[in-house]
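Remarks on the structure that follows.
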Ligand code: PXP
C-alpha cells in the first residue's frame, strides 16, 4: 500500500500573501499527521516565497512521521539542511520566475556535482531523493549519483489527464518506475496530482509514496485539513 506525504507549502503561501502569522504551516502539518499522513514535505526556496526558515526549524521539532525538505542543490540551503537535519532531502531544479517546480532535475548533465552533494547529505545521515522526469537516462543517472530515492515528476501526466496523452504518460511513468526498482531505487511520484488523477497511478505498485500539496491544501481551505488528507489517503490506499 502506497504512502502519502503532504506538502504544506501553500498554507505558507496564504500566510505570506499578508506577511501575517496565520495560517501556520506547522499547525497544518500537525493536522495532516493526525489525519494519517505518512510524512510532511516543505520546499525552502531561495526566495523564501512561502516556507520560512522558522517553519523548517519548528517542523523538525514537531513532525513525528517523516520530514522531507525539497531544495535546490545550492550552498546556502545545503548548509541549512545539514544543520536542521530533515529525514530526507529532495533535490529539485529551482528558477525564481517559475510558479512551481517546472521540470525534473537534469541529473545526467551533472552526475559528478550532484554525486558530491548526495554524498555530503548521506554522510550526515540524511536520505536523498532526486526529482526526475520519467525518462531512463535520468533514472540511471540518479542511481549513478548514489540517490536512495527517485521522485518521478507526474506534471505532464497531470496536465494531460484525462486525455489519451495522459495514458501514454502513465506508461512512461510505469516504465521509469520499473527501471528504478531494478536499480534498487525507492520510487516516489508527485506534482500536479489531485483527487481525480491519482487513482491510475496507484495501480503502479512500484510507486511507494505520493507527494501531494496543492490539491490537498486547496480542498482543505473548503473542508478542513484533516478531511482533505483523509480523503486523499483513501485514494492512495487504492
Ligand atoms: N514533488 C515535488 C518535487 C514538488 O516540487 C512539488 C511542488 O512543490 C510537489 C511534489 C507537489 O506538487 P503539487 O503541489 O502540485 O501537489
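The values are calculated or read from the model by the stated rules, or taken from the named source; none is laboratory data. Note that the coordinates shown come from a computational prediction; the quantities given were computed from them, not determined experimentally. When we count neighbours, we look across all protein chains shown, and the Cβ atoms used for this are built from the backbone with ideal geometry, even at glycine.
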Would you point out the residue of region 30-71, among those that are out of contact with any helix residue (DSSP H, G or I) (no Cβ under 9 Å at 6 or more places or on another chain) and closer than 19 Å to residue 93 by Cα, that is modelled with the highest pLDDT?
68
Please give the number of the condition residue 141 fails out of (1) farther than 23 Å from residue 9 by Cβ; (2) surrounded by fewer than 17 Cβ atoms within 10 Å (Cβ to Cβ).
(2)
Checking the condition farther than 21 Å from residue 192 by Cβ and either in a loop (DSSP other than H, G, I, E, B) or out of contact with any helix residue (DSSP H, G or I) (no Cβ under 6 Å at 6 or more places or on another chain) (or both), which residue from 113, 172 passes?
113
Quick one: in region 142-161, which of the residues that are in a loop (DSSP other than H, G, I, E, B) and farther than 17 Å from residue 174 by Cα is farthest from the ligand (Cβ to nearest atom)?
146
Can you run down the residue pairs with Cβ atoms below 6 Å, 6 or more apart or on separate chains, where the first is in region 181-206 and more than 10 Å from residue 236 (Cβ to Cβ) and the partner is more than 15 Å from the ligand (Cβ to nearest atom) and not in a helix (DSSP H, G or I)?
181/206; 187/206
Unique residue being surrounded by fewer than 16 Cβ atoms within 10 Å (Cβ to Cβ), under 30 Å from residue 110 (Cα atoms), at pLDDT 95 or above and away from the ligand (no atom under 11 Å from the Cβ) when the list is 174, 184:
184
Residue 18 passes all but one of (1) surrounded by fewer than 14 Cβ atoms within 10 Å (Cβ to Cβ); (2) within 25 Å of residue 107 (Cα to Cα); which number fails?
(2)
